[in-house]
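Please read the structure below before turning to the comments.
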Amino acid sequence: MITLYTTTSCTSCQKAKAWLEKNQLDYRERNLSHNPLEESEMKSILSMTEEGTDEIISTRSKILQKLNIKIDELSLHELYKVLRTHPTILKRPIIQDKKILQVGYIEEEIRAFIPRRMRTFITIEKSVTG
């Protein structure tokens, strides 16, 4: 099952949601503004990153700048606390299943969430009709 982590005013989140629906992929949406990440979810997301916090934290976030903290100097426990209190410092959307993590809406990369057998079918279908 795909999990789509969003916030209310995120246009990229809406694009990702529309793309998942258009491609008829089952997903569950978690609005982080109303339901912050659990520690287990944060651990899962971080474990799938290639660049750690650099991949998921928006360094341009005004809230992060106001907090005047250095993410790299936080313990994991402190990081979880900051992310639960200020979920909008996360880059969004975060799209995750058991094998794939995507941060941000990147149309070329989101196709990885389509099961391989369906991607092959879609490619064949496009080549026949296109």
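Bear in mind these aren't lab numbers, they're just calculated from the coordinates by the rules spelled out. The model shown is predicted, which means the values in this text are computed figures rather than measured ones. Glycine also receives a Cβ, built like all others from the backbone with ideal geometry; neighbour counts cover every protein chain displayed.
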Point to revise | Qualifying GluC sites (Glu not before Pro) for the range 1-69 [loop in DSSP, other Cβ within 10 Å: at most 10] | key: 50, 51
Check your understanding: Based on the alpha carbon coordinates of the chain, what radius of gyration and maximum Cα-Cα distance (Dmax) apply, in Å?
Key -> 16.2, 55
Check your understanding: Taking the simple approach of a point 7 Å from Cα along Cα-to-Cβ for both residue 9 and residue 22, what is their distance in nm?
Key -> 2.6
Review point. Under a point spin-label approximation (7 Å from Cα along Cα-to-Cβ), what is the residue 1-residue 38 distance to one decimal in nm?
Key: 1.1
Revision key, fill the gap. So for R0 = 22 Å, FRET eff. of residue 66-residue 31 from the Cβ-Cβ r, to 0.05, ends up at 0.45
Exercise for review: Any chance you could give the angle, 0 to 90 degrees and rounded to 10, that helix 76-85 forms with the longest Cα principal axis of the chain?
Suggested key: 80
Check your understanding: Reachable aspartates and glutamates from residue 62, Cα under 18 Å, same-chain residues fewer than 8 places away excluded?
Key -> 54, 72
Review point. Taking the range 37-100, which trypsin sites (Lys or Arg not before Pro) meet the DSSP loop condition and have no more than 15 other C-beta atoms within 10 Å?
Key: 60, 70, 98, 99
Practice item. Among the listed pairs 22/66; 22/81; 17/81; 15/98; 66/99, give every one whose C-alpha distance is greater than 31 Å. Key: 22/66; 22/81; 66/99
**Study point:** Residue-count net charge about residue 12 - beta-carbon cut-off 12 Å; Lys, Arg +1, Asp, Glu -1
**Key:** +3
